[in-house]
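First comes the structure, then the notes that go with it.
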Amino acid sequence: MLINYSWIIRRRRILFSAFVDFFLIICFYNIFHLDNFQSYPNKFVTFCIAAFWIIISYIIGRYMQIKNINSNGLIKNLIKIVFLFLLCNFVYLIINYGLIIVFDIFLVKVPYQNFDRLLFYSFFESLISISLVSYFFQYILSVITHKLYKYDKKWIYIGSVLNYKRILEESSSRKSNVKLILKKEDEDLNEIKSTSIEGIVINSFANISEANLEVFRKLKLRGIKVITSLTWFEKELNRIPTNLIYDRYQLIEKIKSSEYNYQLRIKRIGDIVVSLLLLFFLSPIFLTISILIFLEDRNSIFYTQRRTGLNGKKLKIIKFRSMKINAEKDGIQWSSKNDNRITKVGKLIRATRLDELPQLFCVIKGDMSLIGPRPERPEIEEEFLKDIPYYDYRNVIKPGLSGWAQVNYPYGASVFDSKKKLSYDIYYIINFSFFLDLLILFQTIKIIFNLKGYKPD
């Protein structure tokens with residue numbers, strides 16, 4: 001599955017907002033450039049700036065839902081748009097002016113003596129217009145769409161009270177406007193109105209009467225979804241809780257077969273290319289972190305650790321050292337909220353996830369991927385295999401630097417957290433694709449910028 005259409009539908013406001021921003025960038029920049037120079041700008045530069053604007057807008061939260069119009073919200077969004085405006089001008093300056101000086105390459109077809117005029121009249125003026133229009137449009141759009149979509153998505157659950165409580169317990173762990181209404185399997189379901197519900201969730205079709213099966217058929221013809229509880233979690237909440245899986249066949253059936261190997265090959269090529277680019281561009285940060293770690297306590301910069309990888313094979317990962325030497329002299333411990341084993345530099349690089357950067361070498365080597373379930377320590381995994389059903393299914397794909405669980409669930413420091421994260425990992429294993437990897441990559445960048453989810457609550 002290359003595209004998850006349910007994911008697209010749930011994020012239609014964000015996608016629409018990004019499309020409008022892209023359209024505004026293209027139109028305004030072309031209009032101002034044509035007015036100043038009687039020619040259209042370089043398409044590559046225009047596309048790069050538009051893409052950059054959208055990516056940074058997403059990272060800094062410009063497309064987040066805003067509930068009400070208020071002064072604080074207006075000021076926050078104004079700060080974001082000013083930051084974006086300055087950043088885009090800086091990037092534009094580097095792309096054009098830097099390349100002209102270093103490589104003597106003209107990415108825009110104007111004489112050198114007109115460069116200042118191009119920068120401060122064409123792009124600067126167009127970006128001011130884009131910023132102002134986008135600022136008000138995105139803010140108002142967010143408020144309006146919040147009012148339009150502010151409703152509970154009602155689903156009817158058909159099953160036992162016990163299973164209903166299990167479903168509620170699982171779905172309540174994630175903030176959602178989904179509402180489940182219980183109806184027993186032997187009830188008369190003819191009274192269900194198709195205009196008031198999103199769909200029907202069925203625990204098992206085995207105990208459904210013929211009369212109610214006919215009701216489901218009629219409702220489905222009217223556009224009402226009729227799905228199992230496991231599929232409901234997968235489609236609506238983007239996770240698959242293991243305590244709702246009755247046998248391994250349910251997972252075996254969903255895992256992609258060898259016909260999808262081309263996606264794995266694309267994934268591998270992307271891992272190598274992106275890792276090499278990151279190592280090149282982040283090399284100054286590598287050097288800075290190394291110096292800071294060494295200066296703090298004059299000890300080793302890196303540390304290695306055994307983890308479990310693809311098909312249970314043991315691998316060795318490398319990270320920047322963020323804890324004191326001999327931090328685990330008393331044995332393996334979960335990290336706590338105010339862990340005194342973490343160094344001063346360690347707090348910084350953990351908050352920004354920079355301690356994970358050396359694992360790019362593991363990605364290039366082929367032991368890991370950029371995106372995938374996080375590899376676990378064998379000693380901890382042994383306990384999880386006893387306590388958490390289907391935990392071994394995490395190892396059917398290469399582990400990653402970041403994953404679907406990491407961008408959807410906070411830092412885990414317990415068996416309970418690991419169970420919740422496994423539900424996201426299994427969802428990723430079943431649904432992985434280029435588009436999902438790209439989404440996780442952007443969400444990871446967003447989390448890093450916001451300094452969220454790096455320590456236990």
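Where a number appears in this text, it was derived from the coordinates with a stated rule and is not lab data. Computed from a predicted structure; not experimentally measured. In this analysis, Cβ positions are derived from the backbone assuming ideal geometry, glycine residues included, and neighbour counts consider all displayed protein chains.
Name the shape class, rounded, prolate or oblate, that the alpha-carbon gyration tensor gives for segment 258-450, where a ≥ b ≥ c are the square roots of its eigenvalues, rounded holds for a/c under 1.5, and otherwise prolate holds if a/b is larger than b/c and oblate otherwise. The shape class here is oblate. Ranked for footprinting exposure by Cβ neighbours inside 10 Å, fewest first, Asp297, Asp247, Asp367, Asp355 give Asp247, Asp297, Asp367, Asp355. Phi-derived couplings, Karplus 6.51 cos²θ - 1.76 cosθ + 1.60 at θ = phi - 60°, listed residue by residue for segment 232-239: 4, 4, 5, 7, 8, 10, 6, 7 Hz, with x used for Gly and Pro. Taken along the Cα-to-beta-carbon direction at a fixed 7 Å, the label points for Ile272 and Val415 span 4.3 nm. Sorted fewest first by neighbouring Cβ atoms within 10 angstrom, Leu422, Leu237 come out as Leu237, Leu422. Here the Karplus curve 6.51 cos²θ - 1.76 cosθ + 1.60, taken at θ = phi - 60°, turns the phi angles of segment 421-427 into couplings of 5, 4, 4, 6, 4, 5, 4 Hz, with x standing for Gly and Pro. Phi angles across segment 393-408 convert, under the Karplus curve 6.51 cos²θ - 1.76 cosθ + 1.60 with θ = phi - 60°, into 3J(HN,Hα) values of 5, 4, 8, 7, 9, 4, x, x, 5, 9, x, 4, 5, 5, 8, 10 Hz, Gly and Pro given as x. Is segment 343-457 best put as rounded, prolate or oblate by its Cα gyration tensor, with a ≥ b ≥ c the root eigenvalues, rounded for a/c under 1.5, and otherwise prolate when a/b is larger than b/c, oblate when not? The shape class here is rounded. Charge tally for Val415 (other residues, Cβ to Cβ under 11 Å; Lys, Arg +1; Asp, Glu -1): +1.
Taking other residues whose beta carbon is less than 10 angstrom from the beta carbon of Gly366, and scoring Lys, Arg as +1 and Asp, Glu as -1, yields +1. The amide H of Ile397, built 1.01 Å from its N in the peptide plane, has Asn311 as neighbours under 5 Å, considering only residues 5 or more places off or on other chains.
Computed extension gain for Glu210 through Glu187, at 0.36 nm per residue and net of the alpha carbon distance, reaches 7.1 nm. Under 5 Å from the amide H of Tyr157 lie the amide H atoms of Ile181, Leu182, Lys183, Val201, each residue being 5 or more positions distant or on a separate chain, with H modelled from the backbone and absent for Pro and chain starts.
Shown is the FRET efficiency for Ile31 and Phe435, computed with R0 = 25 Å from the Cβ-Cβ distance and rounded to the nearest 0.05: 0.20. The label-point distance for Ile252 and Lys235, in a model that sets each label 7 Å from Cα toward Cβ, rounds to 2.5 nm.
Protection proxy ranking of 159-169, 199-209, by the mean of other Cβ atoms within 10 Å over each peptide's residues and highest first, is 199-209, 159-169. In plain terms, the chain from Val396 to Tyr40 could stretch by 123.1 nm, reckoned as 0.36 nm per residue minus the Cα-Cα distance. Sorted ascending by nearby beta carbons within 10 Å, beginning with the fewest, Ser369, Ser275, Ser433 become Ser433, Ser275, Ser369. Working from label points 7 Å from Cα in the Cα-to-Cβ sense, the Glu382 to Lys324 distance is 2.8 nm.
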